[in-house]
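Okay, structure first, notes after.
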Amino acid sequence: MTGIENQIRSSKRLLLISLLVVFLASLLASKIQNSGGRVHVQDIKIPTHNGQWLVADLYKPRSATSENPAPMVVVIPGFQRSKEALANVAIELSRRGIVAILIDPYAQGFSSASMSRMAATTEGYGMFAVVDYVADTSNLNYIDKSRIGATGHSAGGNAAIRGASYFGREATRTGKPSKLHSVFVSGYVLTLSDEVLQDVRSNVGVSYAFYDEGAYRNELENGDMRYAPEALRAVNSGLQPHSEPITEVELGHYYGDVDKRTLRVVHNERILHPFQPYIIEATANQIEYFERVFGLKSDISTEDQVWFWKELLGLISLIAALVAVVPMARLLLQIPYFKPLVHPLPLPLSKPRGKGKLLFWSMFVIGALIACFTYIPMAELSQKLFVAASTRQQTWFFPQRMNNAVMLWAVLNGSVGFLMFWLSYRFFGKKHGVSPKSWGAATNLSELFRTLVLAMALFIFYFLFLFTIYYFMHVDYRFLFMGVRTFQPPLLILLAMYVPFFFIFLLSNSLRINGAMRFEGQPEWKSMLVGGFANSLGLMFIVVVQYLTFAVTGTVYWTDGWLYVNLLFAVVPMMFVLPFFNRYFFNMTGRIYLGPMTTGLIFIMILISNTVIYLPL
């Protein structure tokens with residue numbers, strides 16, 4: 001058997017194993033999501049005012065019937081998050097007999113954008129419309145209309161407390177109880193003000209991370225809820241008019257009366273803001289709260305949680321699905337149309353020594369520092385160049401507020417990467433025997449077109465399998481707030497809009513990884529590991545500076561741009577694995593183009609389908 005035949009056989013085996021792993025992991029994740037069949041999970045779409053619409057996942061326990069109606073909780077993800085990001089809350093509530101409606105907030109996921117530029121405040125990210133619908137329709141006869149709740153994290157928490165205030169004002173006008181029986185506010189205390197709280201006619205739970213990066217905005221500029229004026233106001237708002245106001249909150253203690261809807265409780269988990277929803281303690285606090293306010297006595301302990309197994313299985317699916325792209329590419333390259341893309345692998349560079357070694361590591365460090373120091377300025381520049389998206393206005397002109405910042409950073413650093421590569425060759429490599437033939441950059445228009453067709457075929461293969469998995473099992477590939485989800489057709493237009501700019505960075509990376517970091521005698525794993533750090537170290541520096549400053553001073557280094565830094569928790573892993581794919585595809589074709597074209601389509605679609613999009617209705 002020839003070497004090529006062995007490679008084909010190995011590729012078929014790896015592809016089959018990868019797809020089987022994705023299938024089995026997704027099947028198990030689906031079983032966890034629906035509690036082994038005891039909960040029915042389905043998509044719903046609700047038309048709302050101004051021509052808007054809201055998409056959500058409905059978690060209906062089989063125990064909820066017209067004869068035995070169950071309480072219901074609307075679960076609201078925060079800024080930049082889709083419904084799947086808080087599936088853990090819906091899973092644990094529905095396991096205990098509570099109906100959960102997990103929404104895609106307006107302008108996120110599959111829900112429409114909003115006519116309001118303050119959708120969380122004025123519409124609860126769409127939660128107000130869901131509560132109105134559930135409370136007024138006779139269709140959902142398995143829901144107890146007197147026990148409707150809402151919970152959300154971060155901006156979703158703001159939506160929850162705004163909903164309590166909104167429906168409280170409505171209750172005052174009508175003389176009826178508020179449609180919102182109880183709310184739980186996680187990760188947000190800025191709107192726990194007298195102005196908002198005075199209208200609340202619901203039970204209120206508050207949960208705030210002790211190490212929340214946004215705590216500098218709080219009145220005492222820290223995350224300690226024992227003495228925070230916001231927490232004190234929340235608790236005191238539920239006390240009797242002539243009661244002595246408390247001056248220190250007893251964390252975890254329930255104040256007030258659940259039947260009078262004056263119950264209040266405050267939790268203060270010692271965790272960072274983005275990770276707060278994903279710890280057992282915080283989830284247990286929510287479970288305990290809703291069981292108490294709804295008068296439920298579940299046989300399942302609040303500490304008995306299964307959601308993290310779904311997250312682990314989602315991570316396995318995410319990795320296996322990406323791995324599957326590599327053997328699929330090798331198999332497609334055997335098709336006659338794509339065979340001309342296969343070239344002999346160029347000879348690697350000689351291992352750098354002396355001045356060459358010094359130059360290599362100097363370029364490595366300089367590139368990382370440039371990447372580090374340009375990210376926040378590019379984020380600030382994006383707000384000036386893309387005004388509509390930055391001010392939450394509907395637009396077709398680069399409508400993704402957060403990704404616009406990443407795109408500008410990518411264009412700048414990709415251009416700098418090309419410049420550094422050329423300078424090192426012009427003034428050093430050319431004089432020391434480096435030949436452009438080793439770069440694998442030679443090509444022509446016909447070959448580039450075939451490469452693009454192959455990249456598109458790999459893109460279709462990757463997402464078609466994802467759509468199939470989602471259709472049959474209602475799960476995607478995700479771990480915590482990092483995820484690969486299905487997308488709407490309009491995102492294909494955005495893909496064509498964003499990819500050319502990101503391609504500058506991706507091609508630059510492929511050229512540097514394969515043309516300047518591939519040395520004779522160096523193990524492939526070591527070469528790709530160095531490439532991974534070269535591509536992501538600058539952004540890692542930002543995270544280190546942000547949180548080292550936070551640990552020392554109690555305030556993050558970048559305050560106004562802290563959300564852009566939080567975005568890096570999802571971006572950095574992508575940046576780290578990009579060089580691995582660029583090297584795998586380079587080894588298959590002997591050219592630098594298939595890697596950036598394929599990762600450009602797949603990774604940028606992942607990026608744009610997991611962020612806020614202000615598309616016109």
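FYI, it's all coordinate maths here, none of it is from the lab. Computed from a predicted model, the values in this text were never measured in an experiment. Cβ atoms come from the backbone with ideal geometry, glycine included; neighbour counts cover every protein chain shown.
Other residues whose C-beta falls under 11 angstrom from the C-beta of Pro327 contribute a net charge of +4, scoring Lys and Arg +1 and Asp and Glu -1.
Against the main long axis of the alpha-carbon atoms of the chain, helix 524-553 sits at an angle near 40°. The angle between the Cα long axis of helix 490-515 and the main principal axis of the chain comes to about 40°, on a 0 to 90 degree scale. Please list, in order, the residues from the stretch 1-31 whose amide nitrogen is less than 18 Å from a point placed 7 Å along the Cα→Cβ vector of Phe308. Under 18 Å, as judged by backbone N against the label point of Phe308, lie 29 of the stretch 1-31.
FRET efficiency for the pair Ile44 and Ser435, taken as 1/(1 + (r/R0)^6) with r the Cβ-Cβ distance and R0 = 60 Å, rounds to 0.50. Residues whose amide H lies under 5 Å from that of Ala70, counting only those 5 or more places away or on a different chain, are Thr65, Ile143, Asp144; hydrogens are built 1.01 Å from N in the peptide plane. If you take the Cα centroid of the stretch 231-279 and the Cα centroid of the stretch 25-43, the two points sit 34 Å apart.
Residue exposure proxy: Val475, Val196, ordered by other Cβ atoms within 10 angstrom of their Cβ from fewest to most, comes out as Val196, Val475.
Between the C-alpha center of the stretch 496-517 and that of the stretch 173-197 there is a gap of 48 Å. FRET efficiency for the pair Ser298 and Arg62, taken as 1/(1 + (r/R0)^6) with r the Cβ-Cβ distance and R0 = 22 Å, rounds to 0.90.
Let me know the shape class of the chain, please: from the alpha-carbon gyration tensor, a ≥ b ≥ c as square roots of the eigenvalues, rounded when a/c is under 1.5, otherwise prolate if a/b is greater than b/c, or oblate. Here the chain falls in the prolate category. Hey, quick one: spin label on Thr122, modelled 7 Å out along Cα-Cβ, who in the stretch 12-52 has an amide N within reach, i.e. under 13 Å? Residues 49-50 fall inside that zone. So which lysines can Lys12 reach, going by Cα to Cα under 22 Å and dropping same-chain residues fewer than 8 places off? The reachable lysines, counting only those whose Cα sits under 22 Å from Lys12, are Lys339. Other residues whose C-beta falls under 9 angstrom from the C-beta of Ser193 contribute a net charge of -2, scoring Lys and Arg +1 and Asp and Glu -1.
In straight-distance terms, cross-link reach from Lys384 covers every one of the aspartates and glutamates whose alpha-carbon lies under 19 Å from its own, apart from those fewer than eight places away in the same chain; here that gives Asp560. Distance from a point 7 Å along Cα→Cβ of Gln240 to each backbone N in the stretch 251-273: keep the residues under 20 Å and list them by number. Under 20 Å, as judged by backbone N against the label point of Gln240, lie 254-265 of the stretch 251-273.
Loop-located trypsin sites (Lys or Arg not before Pro) across the stretch 115-164 with a Cβ neighbour count of 15 or fewer within 10 Å are Arg117, with loop assigned by DSSP. Counting neighbouring beta carbons within 10 Å and listing from fewest to most, the residues His343, His253 come out as His253, His343. Over the chain, Cα pairs under 8 Å with separation of 6+ residues give a relative contact order of 16 percent. Considering only Ile608, Pro490, Thr443, and ranking their Cα positions along the charge dipole of the stretch 347-608 that arises from unit charges at the beta-carbon of Lys, Arg, Asp and Glu, the one farthest toward the positive end is Thr443.
Put a dot 7 Å past the Cα of Gln334, heading toward its Cβ, do the same for Arg353, and the two dots end up 4.3 nm apart.
Measuring r between the beta carbons of Leu492 and Lys176 and using R0 = 41 Å, the FRET efficiency lands at 0.30.
Taking other Cβ atoms within 10 Å as a rough exposure proxy, His242, His267, His49 sort from fewest to most as His242, His49, His267. Of the trypsin sites (Lys or Arg not before Pro) found in the stretch 236-271, those that fall in a DSSP loop while having at most 11 other beta-carbon atoms within 10 Å are Lys260, Arg270.
Per-residue extension of 0.36 nm, minus the Cα-Cα distance of Asp132 and Glu5, leaves a gain of 39.4 nm for this segment.
Taking a sphere under 9 Å around the Cβ of Leu54 and counting the other residues whose Cβ falls inside, with K and R at +1 and D and E at -1, yields a net charge of 0.
Dipole magnitude for the chain: computed about the Cα centre from +1 point charges on Lys and Arg Cβ and -1 point charges on Asp and Glu Cβ, it is near 2680 debye. How would you classify the stretch 463-617 from its alpha-carbon gyration tensor, with a ≥ b ≥ c the square roots of the eigenvalues: rounded for a/c under 1.5, else prolate if a/b is greater than b/c, otherwise oblate? Verdict is oblate for the stretch 463-617.
Modelled spin-label separation between Phe472 and Ala442, with each label point placed 7 Å from Cα along the Cα-to-Cβ direction: 4.6 nm. Judged by the gyration tensor of its Cα atoms, with axes a ≥ b ≥ c, the stretch 34-305 is rounded; a/c sits under the 1.5 cut. Compared with the dominant principal axis of the Cα atoms in the chain, helix 3-33 is inclined by about 0°.
DSSP bridge analysis restricted to the chain gives an antiparallel fraction near 40%, rounded to the nearest 5.
When the charge dipole of the chain is built from unit charges on Cβ atoms (+1 for Lys and Arg, -1 for Asp and Glu) and taken about the Cα centre, the candidate among Gln383, Leu332, Ile460 whose Cα reaches farthest toward its positive end is Leu332. Among the listed pairs Lys260/Lys297; Lys45/Lys176; Lys31/Lys179, a Cα-Cα separation exceeding 31 Å is found for Lys31/Lys179.
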